[in-house]
1. Please name whichever of Gly34, Asn60, Thr9 sits farthest to the positive end of the charge dipole of segment 3-80, dipole taken about the Cα centre and charges placed at Cβ: Lys and Arg +1, Asp and Glu -1.
2. When a footprinting reagent is the concern and you count Cβ atoms within 10 Å, what order do Val19, Val36 take, fewest first?
3. Listed highest first by mean packing, meaning other Cβ atoms within 10 Å per residue, what order do 65-74, 25-34, 2-11 come in?
4. Stretch Glu21-Glu4 to full length: gain in nm at 0.36 nm per residue minus the Cα-Cα span?
5. If one takes the longest principal axis of the Cα atoms in the chain, at what angle in degrees, from 0 to 90 and to the nearest 10, does the Cα axis of helix 20-33 lie?
6. On average, how much area does the Cα convex hull of the chain cover when viewed from any direction, in nm²?
7. Mind listing the phi-derived Karplus ³J(HN,Hα) values for segment 44-59, rounded to whole Hz, using 6.51, -1.76 and 1.60 with θ = phi - 60°, and x for any glycine or proline?
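Here, each number is a calculation from the coordinates, and none is a lab measurement. In this text the structure is predicted, and so the values were computed from the model without any measurement. Reconstructed Cβ throughout: ideal geometry from the backbone, glycine too, with neighbour counts over all protein chains shown.
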Amino acid sequence: MDWETFTRTPSRLTGEPMVREDRAKFMKSVSENGYVGNYTGIRISSTGRRFYIIQATVWNLTDENGTIRGQAAAFQKHRFI
């Protein structure tokens with residue numbers, strides 16, 4: 001996957017369809033609180049392979065005016081399903 005695709009793919013598209021509603025609630029919590037730590041969830045790679053991200057921190061990305069432009073996640077552990 002090239003950088004352009006990686007940075008422009010909406011994170012909601014990397015979640016499983018049946019849990020997108022729950023994920024939307026989670027992301028709302030991130031937006032309201034600025035970040036959420038210790039998140040574990042199932043993601044889908046660009047090739048369609050499912051995997052868990054384990055103990056991730058998810059936070060808001062803001063521009064110079066404080067406007068939320070998206071979210072980012074960092075994690076050290078993952079496990080393919």
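1. Comparing the listed Cα positions along the dipole, Thr9 ranks first.
2. Ascending Cβ contact count within 10 Å gives the list Val19, Val36.
3. 25-34, 65-74, 2-11
4. 3.5 nm
5. Orientation of helix 20-33: about 30 degrees from the principal axis.
6. Over all viewing directions, the chain projects a mean Cα-hull area of 5.7 nm².
7. So the Karplus estimates, Gly and Pro as x, are 10, 6, 5, 8, x, 7, 8, 7, 8, 9, 10, 6, 7, 10, 10, 9 Hz.
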